[in-house]
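First up is the structure itself, then whatever we jot down about it.
Bear in mind that the values in this text are calculations on the coordinates, not laboratory data. Please read all numbers here as calculations on a predicted model, not as lab measurements. All Cβ positions, even for glycine, are placed from backbone atoms using ideal geometry, and neighbour counts span all protein chains on display.
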């Protein structure tokens, strides 16, 4: 482990000494990238940065306010708006100055995740297509008003993707230049600030330097990898809400280090949830005495001692629909899901090592089909709808 860490430090230090940075020493400095929208349900935005002022805010932004955030990467968290509403990943680590860090935000259609130095540092459940806007995408500021969200310091290696990069992919290239950027799958824009040219190759998104910003600068603090605060990570593999007599039965599977406690929230919509109960960290189920009289959403969160929050997907319970169900089976290289009533179906696909390699969420009126991985082998598919879960075992043979 020490050898691996030393290698990472050596690569990082070598890279830093050889690179040049965008310098943002004062207000109203930025690089404008054009109207660079990312559509759909897949996104990654990442960069290296050093803040020199506690007032530093936006790293990479395409927004004016919470209602139109196509993407917003800040040094402590990420923000995004979809058709389901606005979400912000929890800010786990405090900001600090005069240190080198890599930040990344990833949206995959079911979760918004924020990474610092390649480690998960906050995650929140969300779904839906990302909103689009006509604002300029900016590095170091925001395209609405050019004030109040200035970043002060140094930024480099800005990458904007229309795919959800994995943690391993982020870690592999976070401290080294991206190879062959013109052929990288899903890459929309890439900037290494000895110039403002889009190294991905699409000249439509070549950058323009404005205000107090300047290119080609050395970063005097970029000499070593800066450790970040301890984080929990982990995720909910399952969270279901089912009727039980006159009450409800809540069950879950938490995959991660034991949190300080769980927190249950309910509300009329996924964006209007209120905390109602703390739950002991060793529990994996909870019984509620009464069922709601109207459609109600439930969400469970794991809370760490330092305040990190990792949330499950929100689950809706609809009175009178407890007999609704769904069925799933493998057909060739696909999974077919049929429903007795329209419902939202969430699914995750795991390989034999337990690694989650695919997930999705769809509103299904009659039938849904989705592709399994193409590699030969066995896969476990977990599906959830109207608080019910089913698991099927699939095999791919080409």
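Can you give the FRET efficiency to the nearest 0.05 for residue 325 and residue 195, using r as the Cβ-Cβ distance and R₀ = 41 Å? So the FRET efficiency works out to roughly 0.10. What would the Debye formula give as log10 I(q)/I(0) at q = 0.13 Å⁻¹ for the alpha-carbon point model of the stretch 28-90, no solvent? For the stretch 28-90 at q = 0.13 Å⁻¹, log10 I(q)/I(0) is -0.37. Only helices enter this figure: runs of n ≥ 4 DSSP H residues, each worth -39500 (n - 2.57), summed and divided by the residues of the chain, yield -2000 deg cm²/dmol at 222 nm to the nearest 500. Ellipsoid fit via the Cα gyration tensor, the stretch 97-178: semi-axes of 21, 20, 12 Å, each the root of five times an eigenvalue, largest first. Measuring between their Cα centroids, the stretch 324-393 and the stretch 163-226 lie 36 Å from each other.
Based on alpha-carbon centroids, what's the gap between the stretch 126-146 and the stretch 33-103 in Å, whole number please? So the separation of the two Cα centres works out to 10 Å.
In plain terms, the residue of 365, 88, 127, 56 with the fewest other Cβ atoms within 10 Å comes first and the most crowded comes last, giving 365, 88, 56, 127.
Placing pseudo-labels 7 Å out from each Cα toward the beta carbon at residue 332 and residue 35 gives an inter-label distance of 4.0 nm. Neighbour counting of Cβ atoms within 10 Å sorts the residues 151, 193, fewest neighbours leading, into 193, 151.
Pick out which of 122, 83, 153 has the largest mean-square fluctuation in a Gaussian network model of the chain, springs linking Cα atoms closer than 10 Å. Comparing 122, 83, 153 in the GNM, the peak value goes to 83. Fully extending the segment from residue 166 to residue 395 would add 80.1 nm, taking 0.36 nm per residue of separation and subtracting the current Cα-Cα distance.
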